[in-house]
């Protein structure tokens with residue numbers, strides 16, 4: 001038997017994060033690994049506790065808790081049950097909010113303050129895992145904050161996200177403008193074939209795809225999700241991860257070649273790869289989902305055993321990822337739009353010069369681009385005189 005506890009974690013000034021803990025009913029005093037699970041685009045933390053009628057076999061949280069694991073499912077900032085203090089938070093803000101939520105949850109679990117029904121827990125290690133977009137967020141959190149002792153990404157491509165296209169349609173030309181690439185994903189993707197293996201029950205597929213009556217695990221996507229289709233969108237973050245890493249893919253998933261993904265993690269002391277037959281991108285709605293869950297459970301044990309043996313890795317170190325938070329003055333040929341939007345003073349300059357720009361949801365699709373490249377792409381929408389003055393003001397920001 002297991003228990004389930006939902007609550008909110010304050011991550012002021014960014015907002016509040018909804019979390020759900022799954023744990024065994026009996027919690028003897030022993031070293032513990034806590035698994036933090038982050039959902040993909042378009043789903044909330046209930047993706048890890050899917051209920052289809054009376055069928056609970058789709059609940060990863062319950063499955064893990066029944067095997068003596070402690071699981072915390074987390075909604076991203078501004079999705080599901082995690083309200084944001086500002087509209088359209090950047091990827092950096094979402095990752096920071098996630099880090100703060102994990103840190104506070106670990107503190108509360110260790111102090112016996114998470115819930116009245118839980119005793120103080122001896123948390124030895126924390127593992128972060130995410131599906132699809134959630135995998136990118138977990139890797140970004142690790143790169144920027146050193147949040148976890150081990151990280152796992154399920155169905156996340158750090159080389160190039162490639163979705164299955166509808167029959168008779170072609171992918172856009174590789175050098176097409178970014179907004180065309182993003183639009184093509186939304187309009188031309190064969191979501192049934194991309195997400196579901198042939199043996200998934202039609203009822204399950206319809207529940208997941210029905211936008212008129214969304215399933216309980218469905219919600220909005222993070223505002224930056226569109227940029228993750230760009231080649232090597234998270235490669236820089238992945239290359240700076242310095243903890244044990246696990247990559248899991250379905251036989252039909254969003255990566256071109258799983259072995260290519262391993263090579264991106266150039267700083268990780270160990271990288272595991274598992275490809276599960278008969279599984280498409282929606283892992284937790286597939287028939288062999290328990291194999292993915294088992295692999296995560298095994299990975300958690302590996303991380304704990306390596307940490308206990310003194311395996312030489314570091315979660316984070318001072319200045320490890322300074323390249324993700326560039327010093328002023330900005331070099332606009334290098335600084336990305338996302339990095340700029342994380343700076344309140346830079347946001348104020350942008351908004352004063354082009355009212356409404358920073359609140360435009362389309363910015364999520366180009367957040368990974370250098371600022372200069374963005375101005376070039378937006379030449380039809382932003383007067384070049386204004387753009388030049390913006391460049392000067394931002395470059396001189398100090």
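Candidates 105, 33: the one that is under 16 Å from residue 9 (Cβ atoms), buried (at least 18 other Cβ atoms within 10 Å of the Cβ), in contact with a strand residue (DSSP E or B) (Cβ under 7 Å, 6 or more places away or on another chain) and in the same structural domain as residue 130 (by TED's automatic domain parsing) is 105.
When segment 33-44 is filtered for residues that are in contact with a helix residue (DSSP H, G or I) (Cβ under 9 Å, 6 or more places away or on another chain) and modelled with pLDDT of 95 or more, the ones remaining, listed by number, are 33, 34, 35, 36, 37, 38, 39, 40, 43. Are any of the residues in segment 196-217 closer than 30 Å to residue 148 by Cα, in the same structural domain as residue 40 (by TED's automatic domain parsing) and touching a strand residue (DSSP E or B) at 6+ places or on another chain (Cβ under 6 Å)? Within segment 196-217, one or more residues are closer than 30 Å to residue 148 by Cα, in the same structural domain as residue 40 (by TED's automatic domain parsing) and touching a strand residue (DSSP E or B) at 6+ places or on another chain (Cβ under 6 Å).
Note on segment 231-263: residues that are in contact with a helix residue (DSSP H, G or I) (Cβ under 7 Å, 6 or more places away or on another chain) and closer than 17 Å to residue 162 by Cα amount to 8. Based on this model, can you work out whether residue 132 counts as in contact (Cβ under 8 Å) with a residue 60 or more places away in the chain and within 16 Å of residue 40 (Cα to Cα)? Judged against the criteria, residue 132 is a match.
Of all residues in segment 284-294, exactly one satisfies the criterion of being in contact (Cβ under 8 Å) with a residue 24 or more places away in the chain, surrounded by fewer than 17 Cβ atoms within 10 Å (Cβ to Cβ) and in a helix (DSSP H, G or I), namely 290.
Report yes if residue 335 is at pLDDT 75 or above and touching a helix residue (DSSP H, G or I) at 6+ places or on another chain (Cβ under 7 Å), otherwise no. Answer is yes for this residue.
Take the residues in segment 53-92 that are modelled with pLDDT of 95 or more and part of a strand (DSSP E or B); name whichever of them is surrounded by the most Cβ atoms within 10 Å (Cβ to Cβ). Among those residues, the one meeting the criterion is 74. Residue 256 satisfies every condition listed in (1) surrounded by fewer than 17 Cβ atoms within 10 Å (Cβ to Cβ); (2) farther than 20 Å from residue 158 by Cβ except (2).
The values are calculated or read from the model by the stated rules, or taken from the named source; none is laboratory data. Source: prediction; values computed, not measured. Glycine gets a Cβ as well: all are built from the backbone with ideal geometry, and neighbour counts include every protein chain shown.
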